[in-house]
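Q: Quick one: structure below, then a few questions.
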Amino acid sequence: MIRDSRSPNSAKRPFPAARVLLATMLCLLGATATAQTHSADEDQVKAAFLLNFGRFVEWPARAFADQTEPFRICISGAADVANALGVLTIRQKLNGRDISVLLIDHHQPLKQCHMLFIGNVSVKEKRSLLAEAKGTSAFTVAEEKDFVDGGSMLGLVNTDNRISFAINQQLAEEAGLKISSRLLSLAKIVRGRS
């Protein structure tokens, strides 16, 4: 299923602009953001995190076929995050490119993805998705139980209703990605600093 951010009908529910602004500001101001007890709020915060992560990562030219190719954020196991991100990215650009949000399952090819968010999937599915993403220029983000290295480039952890993240810089560099020092400074843990 493909959700194009330019279509306002891609979401299940409204997403107030104030929440977008709040989530974006929380992401820019620190490494943690309070996740509300209501899961919709948490989904919106995660969507804002994903959009902002994309602003602090540089992709190699080979990651895009041409200048008009949209920036594709693929999401597996988190339909509500995909919906929130679809609404958040309406008429937005990321690094000068239109944004497309794609809800995928583990049977779809990941070559088209510039960012891959792995939500609530089985350990086997997660390993499969991360293995398939290896060798591509996809920036991989996954929900993690703790900061133990789960194989993604960035791990989101919700502890006591606060979302934090850890970065595996070595995996990103192996994929040809450059993570901004600003984003690295906000992470709770950075592995493989160069």
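No lab work stands behind these numbers, since they all come straight from the coordinates. What you see is a predicted model, and the numbers here were worked out from it, not measured in a lab. Virtual Cβ from ideal backbone geometry, glycine too; neighbours counted across all protein chains shown.
Q: Among the listed residues Lys111, Lys124, identify the single one that is assigned to a helix (DSSP H, G or I), surrounded by fewer than 18 Cβ atoms within 10 Å (Cβ to Cβ), out of contact with any helix residue (DSSP H, G or I) (no Cβ under 6 Å at 6 or more places or on another chain) and without any contact (Cβ under 8 Å) to a residue 60 or more places away in the chain.
A: Only one candidate passes the filter, namely Lys124.
Q: Only residues that are touching a residue at least 60 places away in the same chain (Cβ under 8 Å) and either closer than 21 Å to Lys178 by Cβ or touching a Pro at 6+ places or on another chain (Cβ under 9 Å) (or both): list them for the stretch 56-85, please.
A: Matches in the stretch 56-85: Phe56, Val57, Glu58, Trp59, Pro60, Arg62, Ala63, Cys74.
Q: Step by step: first the residues of the stretch 164-179, then only those that are outside any strand (DSSP E or B) and touching a residue at least 60 places away in the same chain (Cβ under 8 Å), then the one that is surrounded by the fewest Cβ atoms within 10 Å (Cβ to Cβ). Which residue is that?
A: Step by step, filter the stretch 164-179, then rank; the result is Gly176.
Q: Can I ask one more? Would you check which residues across the stretch 79-103 are out of contact with any helix residue (DSSP H, G or I) (no Cβ under 6 Å at 6 or more places or on another chain) and either basic (Lys, Arg) or farther than 22 Å from Asp41 by Cα (or both) and list them?
A: Selection gives Arg91, Lys93, Asn95, Gly96, Arg97, Asp98.
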